[in-house]
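The values are calculated or read from the model by the stated rules, or taken from the named source; none is laboratory data. Computed from a predicted model, the values in this text were never measured in an experiment. When we count neighbours, we look across all protein chains shown, and the Cβ atoms used for this are built from the backbone with ideal geometry, even at glycine. To get the accessible areas, we keep the full protein, side chains included, count just its heavy atoms, and leave off ligands, DNA and RNA. Shrake-Rupley method; radii C 1.70, N 1.55, O 1.52, S 1.80 Å.
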Amino acid sequence: MIRPFISCLMFAMLVSGSALAQDRDDARFSPDRPSPWAFEFGAGTDNRSKGASKNGDAPYVFGEVQWITASGFYADAEFETIDSSGSKVEAEIESGWQFAAAGLDFDASLSRKWRLDADPGQDDESWEYQFDILRDFGSIDTRLRFEHSPDGLGSTRATTWVEARLRWALADRLDASVTVGQRAQDNAPDYTGGNAGITWNFTDVAAIDLRWHGTSAAAEGQQFEDAVVASILVEF
């Protein structure tokens, strides 16, 4: 399922000319920004990552602060509420570099994640590497993402996620997007995950998102079952 989608997306990147709470892009530097700092806060009816729930289909909140430089280097710190391995909060610090080449934008980062107050014996920290390739085509933008952790959180060992996203404008301040990805894991299920939904930017700093999430691993448990999630994001 993932191979044809990624092939089509990469083909579009080659032949053409020059988010929300659960699918956010890092803020990018702009000389028009009044400050190198960016802030995001939000909440949703379920914390979904790569199609699967991280908090048992319960509401959650999140927040992030990011510092961006003109050279493309950035650093950020964030948190989100979860319900996993006895932990209720996952924290993360990240540093990365955004750059452009060959008509494409790139975002490479390294992050450290912690599950606070996890049950004794649980693996409550991990490193994660992420690499994004982005390209805009007028009102349409695309992203190809690669993520890898040599030792994931909880009982999961090495894990790799490859994802493609297509997003386009339906009307002024109204966008639609579709994402599909493939996850390979040691000591956890391999599966295909995806989402599709719409985002309404009802002000310059706030947006509401309504999105369906699903995976090919629904038989593995409730966290992998389909769900429709509503969320709100404020960023400035």
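Here are some notes:
- Pairs, first more than 23 Å from GLY86 (Cβ to Cβ) in the range 149-164, second assigned to a loop (DSSP other than H, G, I, E, B) and among the charged types (D, E, K, R), C-beta under 6 Å, six or more apart: TRP161/LYS50
- Residue, farthest from ARG112 (Cα to Cα), within the range 158-180, restricted to residues that are surrounded by 14 or more Cβ atoms within 10 Å (Cβ to Cβ) and among the basic types (Lys, Arg): ARG167
- Residues that are open to solvent by 60 Å² or more (accessible area, probe 1.4 Å), more than 18 Å from GLN66 (Cβ to Cβ) and touching a strand residue (DSSP E or B) at 6+ places or on another chain (Cβ under 9 Å), drawn from the range 93-113: ALA100
- The set of residues from the range 57-79 being open to solvent by less than 30 Å² (accessible area, probe 1.4 Å), of a type outside the set (A, V, I, L, M) and part of a strand (DSSP E or B) comprises TYR60, PHE62, GLY63, GLU64, GLN66, TYR74, ASP76.
- Members of the range 198-236 that are under 16 Å from the mean Cα position of the chain (by Cα), open to solvent by 20 Å² or more (accessible area, probe 1.4 Å) and not β-branched (Val, Ile, Thr): LEU210, TRP212, ALA230, GLU235
- Taking the criterion of being surrounded by fewer than 14 Cβ atoms within 10 Å (Cβ to Cβ) and either within 17 Å of the chain's Cα centre (by Cα) or at pLDDT 95 or above (or both), the only residue of the range 185-197 that qualifies is ASP190.
- Which numbered condition GLU225 fails, given (1) touching a helix residue (DSSP H, G or I) at 6+ places or on another chain (Cβ under 6 Å); (2) of a type in the set (Asp, Glu); (3) farther than 24 Å from PRO59 by Cβ: (3)
- Residue under evaluation LEU153, criteria (1) surrounded by fewer than 21 Cβ atoms within 10 Å (Cβ to Cβ); (2) modelled with pLDDT under 95, criterion not met: (1)
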